[in-house]
Structure formats: C-alpha cells, structure tokens
Ligand SMILES: Cc1ncc(COP(=O)(O)O)c(C=O)c1O
C-alpha cells in the first residue's frame, strides 16, 4: 500500500521507502522544555482508501501500511466489547460499552502498536528493536519479539511496576532499568538506536506506533456493524493511544465509511494532566512533576502531546481530569460491578466518564453511545491493591470452623 509521512506541526510531506521517524526541521526546534515537535502522521493513499468503501469483506489489515506476517503467531485484535449492564442501569447510560484491551496477548493495548512495529521490522529485514517504556509497551514489544524471533532492547525507569518488568524479562528481552525517569529512558533508547542500529519503537517517535494503535477504531467499527460510538473515552499519558484512536476514525471517514469522527475524550489524572492543561490553555509546557499512581499515564513531557491536543479539537472532543482517588475507586467499581479487572491507567477512562455522566446525559441524552477504552489488565500491577484489599485469614479445616465463619 502506498503511504507518505506528513509532519503534524509544519505539514511538510515526506516520501520515502526507508524507515522514517520525525520531521527533521521541526524536531530540531525541540529544547526539552515544551511538548516536542516534529511527530509525523502516516498518510495512506486517498484513492486506495476510497476504494475500500466498495469492498464487501473489510478487515483491519486493509487499513494497515504493512502486511502483518502470520497474524496467528501473535494474535492482536478482536478484543471483547462489554455491555456492563449493572453500571449502565446505575448511571442511566443505556448504551455504555467497554472495549477490553487487557485481553490482548501481553495484557495491554500496546500490543496493537507492537504488532505493526514487528511487521515493519520484518518488512525492512531488521531483527533488532529498541524502545523505552513505562512497562506496557515494553512487555508488548517483548511479547511480539518472542513470537517472531526479534531481539528487543528495552530501557525502563527502574521504578516501573515489577510485573511489567518481569513479563519483559520472561519474554526474553534485554531489559535495561535506568536510574532516571521515563523521559531519560526515552532519550537513552534513541541514543542506543543511533549507535547500534535497528528500529526504534518509541511511542509516537516511530509513527507506526500510532498507526498500529488505530486498529482499535476500525475494529470497533466492524464489531458494531459498521457504526461507531458517539463518544469514546481514552486514558491519556503521552497521547499516542489517543492519536491512534483518532487516526483509525479519520481513515474510516476518508474512506467514506463513516460520516463523522466520534467525540474523543482525553481522560487524565489531575496528577499528570499535561495534555488536558495544554488543551485548556494552548500552552505546551512540560509538567514539573507527574505523580499519579496510575503509572502508565504518569508523564511529564508527553511524547505526542501536540498531536493529541490537535485531535481533541478536531474530533470536537474534550479533556476530563480526575483525582487519583477517583481512579482507584473506579478500578474497584469496575471489578465489583462489571467483573472487569483493569490497571489504574485503564480505570482512568471509566473515572472520567463517570465524572462526565450528568454532562453526557444533558448534552446527548440517555441513548448516547459511549465507549471507554480499558487499556490494560489489573494483573499488570497487583501492588496497586496494597492496603486496599485484604485477603481473609484461613479458617481451620473443619465444619465447626465453617459454621463459625458464617454464624450458622
Ligand atoms: C494501560 C495503558 N493505558 C493508557 C496508556 C496511555 O497511553 P499514551 O501514553 O499513549 O497516552 C498507556 C501507556 O503506557 C497504558 O499502558
């Protein structure tokens, strides 16, 4: 499939068959104090996109710039859509859905990007991929590496949750914990690829990460019988998932398959609100410190902040901030009232949706079709429950003890 790259900031077009990362002119302006410039968008050939409207059996793969080799080796996609009946009744939102991306192979949404990056590597005959991650992208890339036989070099802040690091080690990646922040790990991984070669998978830096993440929107469209929700809630840190969600709907619109892109809502923790703040103020300054407990969305200088802010506006969406305690409460509520077990970052989407409940009802009515992307499984970060959940003490193995336990 033919595609070019367009700079999201200066709109310059780059045509190349080589692996391409950023607009050199805009990236040269980055000084580390404000959201970085120069991320590029993969633009698919418009005539090709329009031809998809006439295709009877559409697949997600029709929209991807690289063919996925042997997809069953690393089966990414077709995640369940939950209709959480009890929560729907409780909040008066009749058409509430959750997209359960924690059910992907490595347990998070990040498998979507890693699948396309693996395809990119195999297409370009590269066997080594380096990246920085707060945990999930690393685990996903390591999982893909194991499935396809690719070497993964992973830089992580040493504070990343143990389960996520453990996963990457188990999958066979070379894990390099860094005594620094995620941003430090990001810079080191780019320096690594410049020195040692291979592909860099850093979120947004490699435009194929956004392009891979768009699969969720096309999948939603196909699963929902060629329609899309009115409003979609996305948990946001770097803003790369958000841009991917937008891009999927954008391509569907360019293909003439949908008339309108859904309103996209950037759900952020108040303790890591760089993108929400920038959307409100149009100032793109980095945060001094992000402190949210939802580690996957704890970001000071969002790697895809500018594009995400642009897409909030272009989708006629908005940003909703919630407190950390609301995120943690939402996480428990999802488990207890919907049987959905997610990590805190994913719960942020539900916390934001809940906090917007009245506004959604006032503006769109109770029939509004609203979907929250639940981006990672709760098993990713069991330490999040320390001090919040108690496992009951064991009872003696006797009928008498059982009776005593239930006052029978
Ligand atoms: C589970 C989960 N949800 C949400 C996000 C936020 O995605 P982004 O950083 O692209 O905004 C991440 C990113 O690591 C994640 O792992």
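The values are calculated or read from the model by the stated rules, or taken from the named source; none is laboratory data. Bear in mind the structure is a predicted one, so any value in this text is a computation, not a measurement. Every residue, glycine as well, gets a Cβ built from its backbone with ideal geometry; the counts of neighbours run over all protein chains shown.
List of remarks:
- Residue list for the stretch 354-365, restricted to those being exposed (fewer than 12 other Cβ atoms within 10 Å of the Cβ) and either under 24 Å from residue 336 (Cα atoms) or within 16 Å of the ligand (Cβ to nearest atom) (or both): 358
- Test: residue 294 is crowded, with 22+ Cβ neighbours inside 10 Å, within 15 Å of the ligand (Cβ to nearest atom) and at pLDDT 95 or above: no
- Residues that are under 12 Å from residue 99 (Cβ atoms) and either without any contact (Cβ under 8 Å) to a residue 40 or more places away in the chain or more than 16 Å from the ligand (Cβ to nearest atom) (or both) within the stretch 229-250 comprise just one, 229.
- Top-ranked residue of the stretch 271-289 - restricted to ones that are crowded, with 23+ Cβ neighbours inside 10 Å and out of contact with any strand residue (DSSP E or B) (no Cβ under 6 Å at 6 or more places or on another chain), ranked as nearest to residue 380 (Cα to Cα): 272
- Sole residue being under 26 Å from the mean Cα position of the chain (by Cα) and either in contact (Cβ under 8 Å) with a residue 60 or more places away in the chain or closer than 23 Å to residue 201 by Cα (or both), chosen from 29, 64: 64
- Filter result for residue 116 (away from the ligand (no atom under 16 Å from the Cβ) and out of contact with any strand residue (DSSP E or B) (no Cβ under 8 Å at 6 or more places or on another chain)): no
- Given (1) under 23 Å from the mean Cα position of the chain (by Cα); (2) under 20 Å from residue 248 (Cβ atoms), number of the condition residue 73 does not satisfy: (2)
- Of all residue pairs spaced 6 or more apart or on separate chains, none has beta-carbon atoms under 6 Å together with a first member in the stretch 96-122 that is modelled with pLDDT under 95 and a second member that is near the ligand (Cβ under 10 Å from one of its atoms).
- Test: residue in the stretch 337-351 that is farther than 23 Å from residue 224 by Cβ, in contact with a helix residue (DSSP H, G or I) (Cβ under 7 Å, 6 or more places away or on another chain) and away from the ligand (no atom under 15 Å from the Cβ): yes
- The set of residues in the stretch 114-152 being surrounded by fewer than 24 Cβ atoms within 10 Å (Cβ to Cβ) and part of a loop (DSSP other than H, G, I, E, B) consists of 124, 125, 126, 127, 149, 150.
- Failed item, numbered, when residue 177 is tested on (1) touching a residue at least 60 places away in the same chain (Cβ under 8 Å); (2) more than 13 Å from the ligand (Cβ to nearest atom); (3) not in a helix (DSSP H, G or I): (1)
- With respect to the conditions (1) under 19 Å from residue 305 (Cα atoms); (2) in contact (Cβ under 8 Å) with a residue 40 or more places away in the chain; (3) out of contact with any strand residue (DSSP E or B) (no Cβ under 9 Å at 6 or more places or on another chain); (4) away from the ligand (no atom under 16 Å from the Cβ), residue 263 falls short on a single one, namely (3).
- Yes/no for residue 342 being crowded, with 24+ Cβ neighbours inside 10 Å and under 28 Å from residue 385 (Cβ atoms): yes
- When restricted to residues that are within 12 Å of the ligand (Cβ to nearest atom) and outside any helix (DSSP H, G or I), the stretch 320-336 contains 0.
- Residue list for the stretch 354-408, filter: at pLDDT below 95 and within 23 Å of the chain's Cα centre (by Cα): 379, 380, 381, 382, 383, 384, 385
- Residue ID - farthest from the chain's Cα centre (by Cα), chosen from residues in the stretch 134-158 that are free of Cβ contacts under 8 Å to residues at least 60 places away in the same chain and over 15 Å from residue 74 (Cβ atoms): 151
- All conditions but one from (1) in contact with a helix residue (DSSP H, G or I) (Cβ under 9 Å, 6 or more places away or on another chain); (2) within 23 Å of residue 219 (Cα to Cα); (3) more than 16 Å from the ligand (Cβ to nearest atom) apply to residue 253; the one that does not is (1).
- Residue match in the stretch 366-377 (condition: assigned to a helix (DSSP H, G or I), out of contact with any strand residue (DSSP E or B) (no Cβ under 6 Å at 6 or more places or on another chain) and buried (at least 19 other Cβ atoms within 10 Å of the Cβ)): no
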